[in-house]
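Following: one structure in structure tokens, then a few remarks.
Read-outs throughout are calculated quantities, based only on the coordinates presented, and are distinct from any laboratory measurement. No experiment lies behind these values; they were computed from the predicted model shown. With ideal geometry, Cβ positions are generated from the backbone for all residues, glycine too; neighbour counts draw on all protein chains shown.
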Amino acid sequence: MAQVLSMNEYDEMDRPRIQTLPGFYGDSLIEGVLIKSLDVFSDERGYLMEIMRFNDEPMNAGEIKQAIASYSHPGMVKGWHLHSVQEDHLVCVTGMIKLVLYDYREDSPTYGVLNEIFMGERNPRAVFIPPGIFHGTKNIGSGISLVIGMPSVYYDPDNVDERRLSPTDNDIIPYDWECRLE
């Protein structure tokens, strides 16, 4: 941006992005994606967080088939991942991550929409991701992050329901993983 010489040029300056929901950037939430804040119960012994109830119908939790733990070093990006059948439920239980979603469903009213969701110890939440949405994570903390993934399909190495794109070099998703300084 060019140097601003006076307050007369104030209206020509870029406006900051605004979080319409805590820890969320996007024009609108992608159709079918759900974000659920998680309660943390604390006392002098420590704290407890309920990650998911399998009877949580709005989160479609009854379809969960397994749970996986994905650890990331600071600054690392994992993604882009895309599923045709599998639904994902993600919860970051250690550290802080940026979860980025891109709606790749041509018949969706939010086709082409990007969402950034900041989650983890400082903003505990569960996110439901339907099929057809590219997703990736970046560890934005100073230590290891731990994301619990709960897919609706068992992992089958002979028929993997996942396709991947480079997070930094692809012609589909218009996104830069670097920290946006503003």
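Things to note:
- Evaluated at q = 0.11, 0.15 Å⁻¹, the base-10 log of the normalised Debye intensity for the stretch 1-78, with identical point scatterers placed on the Cα atoms, takes the values -0.62, -0.91.
- Taking θ as phi - 60° and the Karplus parameters 6.51, -1.76 and 1.60, the scalar couplings of the stretch 44-55 work out to 5, 7, x, 8, 9, 10, 7, 7, 7, 9, 6, 9 Hz in sequence order, x denoting glycine and proline.
- Amide H within-cut-off set for Asp88, under 5 Å, with H built and near neighbours excluded: Ile129
- By the Stokes-Einstein formula, at 0.890 mPa s and 25 °C, the chain with its Kirkwood radius over alpha-carbon pairs has D equal to 138 µm²/s.
- Loop-exposed trypsin sites (Lys or Arg not before Pro) per DSSP, neighbour cap 12 Cβ within 10 angstrom, longest uninterrupted part of the chain: 123-179
- Asp169 versus Phe41: modelled label distance in nm, points set 7 Å from Cα along the beta carbon direction: 5.0
- Neighbour net charge for Leu99 - beta-carbon separation under 12 angstrom, K R +1, D E -1: +2
- Couplings for the stretch 14-23, taken from phi via the Karplus curve 6.51 cos²θ - 1.76 cosθ + 1.60 with θ = phi - 60°, read 5, 8, x, 5, 10, 7, 6, 10, x, x Hz in order; Gly and Pro are left as x.
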